[in-house]
């Protein structure tokens, strides 16, 4: 069950594909990624909620789609809001059932990265659980607008690589993007526009990866925002990013973060090259 001590969302992710081993799970998001995307569509809530995301094969998706929507075919995502009689309270928002083969096929047909389409399906499904729909043109416009706003708040989502496709550069790049992603999720609109993450150290040892990262900003005031009161923001970001990296690399990760100021680095060609913006 994916959860975080400061999160209002308790999410149960179920992988229910036939023969749900490592081969069938290839390219499917992690529990933490599902949690991150679902949470992005719940940023305005002020109370605890529970959800289930069930990842299924075409057989189960087709069966449920036929039973509840009279559609004899698998579909990308089914939303089942949880309803109770009046006067009965529950924190359970509902269940999402996402068909992995359909999501993969649609991403390929739409020439999208699979990870982007997965994120879209989760956000789309959560908005359905919250009561939005697209039966009329006005409803569709309102839902699509909100989807775009939610997805725009999500930073780079890592692509999925086979283990033999990793290079030192791609590992460093993914580590930097995961750290920036956690900063975005924690700070939202407070995130400094000119912020970048530089991986200063990436060293593998027996069963351990040591990562040292510098978060660069342009002003001292921005540095204080990123660090947070008593270092709470940076501690939270480091903890979440470390868990994501450990799940990705399947190794223990020792992560150290620093925040430094490089005034007007985004207008400095030398600094841009240093931070990898020359390609």
If you check residue 49 against the conditions, is it closer than 24 Å to residue 152 by Cβ and either in contact with a helix residue (DSSP H, G or I) (Cβ under 6 Å, 6 or more places away or on another chain) or touching a residue at least 60 places away in the same chain (Cβ under 8 Å) (or both)? no
Subset of the range 63-116, residues in a loop (DSSP other than H, G, I, E, B) and buried (at least 16 other Cβ atoms within 10 Å of the Cβ), comes to 74, 75, 76
Residues of the range 224-245 being surrounded by fewer than 17 Cβ atoms within 10 Å (Cβ to Cβ) and either under 28 Å from residue 207 (Cα atoms) or in contact (Cβ under 8 Å) with a residue 24 or more places away in the chain (or both), in sequence order, are 235, 239
Within the range 241-251, identify whether any single residue is within 17 Å of residue 183 (Cβ to Cβ) and over 21 Å from the mean Cα position of the chain (by Cα), and answer yes or no. no
Mind counting the residues in the range 250-261 that are touching a residue at least 12 places away in the same chain (Cβ under 8 Å) and surrounded by fewer than 18 Cβ atoms within 10 Å (Cβ to Cβ)? 7
Evaluate the range 118-132: report whether one residue or more is assigned by TED's automatic domain parsing to the domain that holds residue 231, modelled with pLDDT of 85 or more, part of a helix (DSSP H, G or I) and touching a helix residue (DSSP H, G or I) at 6+ places or on another chain (Cβ under 7 Å). no
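The values are calculated or read from the model by the stated rules, or taken from the named source; none is laboratory data. Treat the numbers as computed from the prediction; the structure is a model and nothing was measured. Glycine also receives a Cβ, built like all others from the backbone with ideal geometry; neighbour counts cover every protein chain displayed.
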